[in-house]
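One structure is given below, encoded as structure tokens.
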Number of protein chains: 2
Amino acid sequence: MIKDHTPYYAVIFTSTQTENIKGYTEMANQMENLAKQQDGFLGIESARNDVGITVSYWKSLDDIKNWKQQTDHLIAQQRGRIDWYNWYKVRICKVEREYEFTKKH
Amino acid sequence: MIKDHTPYYAVIFTSTQTENIKGYTEMANQMENLAKQQDGFLGIESARNDVGITVSYWKSLDDIKNWKQQTDHLIAQQRGRIDWYNWYKVRICKVEREYEFTKKH
């Protein structure tokens, strides 16, 4: 087993989109690049089919709060509510335990 | 804002697959149906592109432990390590806060 880095924090962002996703991909890429520059950023994983799931990982709850309030991110959030998302849910989580598997070749 | 149901628990399962995914979809569907019958199950969300993310939600850490040890699920996990996954990571999380947005039509 690989070293356990817990505790740290995860933001699970689950969403469904509208039909009007013009500008979404560019903004999502911008926000991902911006998130990577924030204090306390640890990583991000995304996938989308019927539902989109983005999980970002952070050192502390304060880091998450600062990212939520970051000016450009606030604008992106507002744009998301107006144009891109029918629904979303945000869950702030404490990662208490983790383990990992890597295939031996 | 919709009612906050925290605290509860989330298992974030992130994975990358091998080229040999024969039987995977059937097993994933079976495991999802089986998970839904377990005590303490609250919900599940999945998406896959380059990376697959499945998040399942549970009332307690004991419910998560019981699901991990469920016999058919143990067999599926072993099959996953042998055939389907190049890599996976499991994170056990406490959901501390949540909020939700639904578009007004």
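The values are calculated or read from the model by the stated rules, or taken from the named source; none is laboratory data. Remember, predicted model here, so these are calculated numbers, not experimental data. Cβ atoms come from the backbone with ideal geometry, glycine included; neighbour counts cover every protein chain shown.
Condition check for B:GLN70 on (1) within 13 Å of B:ASP39 (Cβ to Cβ); (2) under 10 Å from the mean Cα position of the chain (by Cα); (3) not small (Gly, Ala, Ser): one failure, at (2).
One residue is enough: does segment A:81-88 have a residue meeting the conditions buried (at least 17 other Cβ atoms within 10 Å of the Cβ) and hydroxyl-bearing (Ser, Thr, Tyr)?
yes
The one condition from (1) in contact (Cβ under 8 Å) with a residue 12 or more places away in the chain; (2) surrounded by fewer than 15 Cβ atoms within 10 Å (Cβ to Cβ); (3) in contact with a strand residue (DSSP E or B) (Cβ under 7 Å, 6 or more places away or on another chain) that B:ILE21 does not meet is (3). In segment A:25-47, the residues that are touching a residue at least 40 places away in the same chain (Cβ under 8 Å) reach residues that are in a helix (DSSP H, G or I) with C-beta atoms within less than 6 angstrom, at least six apart or across chains, in these pairs: A:MET27/A:ALA76; A:MET31/A:ALA76.
How many residues does segment A:60-105 contain that are within 7 Å of another protein chain (Cβ to nearest Cβ), under 18 Å from A:THR18 (Cα atoms) and either without any contact (Cβ under 8 Å) to a residue 24 or more places away in the chain or not basic (Lys, Arg) (or both)? Explain how you work it out, then say what you get.
To start, the set of residues in segment A:60-105 that are within 7 Å of another protein chain (Cβ to nearest Cβ) comprises A:81, A:85-103.
With under 18 Å from A:THR18 (Cα atoms) added as a condition, the list becomes A:81, A:85-90.
Applying the additional criterion that residues be either without any contact (Cβ under 8 Å) to a residue 24 or more places away in the chain or not basic (Lys, Arg) (or both) yields A:81, A:85-88, A:90.
Qualifying residue count, segment A:60-105: 6.
For segment B:1-18, how many residues meet the condition of being surrounded by fewer than 11 Cβ atoms within 10 Å (Cβ to Cβ) and out of contact with any strand residue (DSSP E or B) (no Cβ under 6 Å at 6 or more places or on another chain)?
Just the residues of segment B:1-18 that are surrounded by fewer than 11 Cβ atoms within 10 Å (Cβ to Cβ), to begin with: B:1-3.
Next, from what is left, pick out any that are out of contact with any strand residue (DSSP E or B) (no Cβ under 6 Å at 6 or more places or on another chain): B:3.
Adding up the residues that qualify gives 1.
Total residues in segment A:41-69 satisfying the condition of being surrounded by fewer than 17 Cβ atoms within 10 Å (Cβ to Cβ), at pLDDT 95 or above and not hydrophobic (A, V, I, L, M, F, W, C): the figure is 10.
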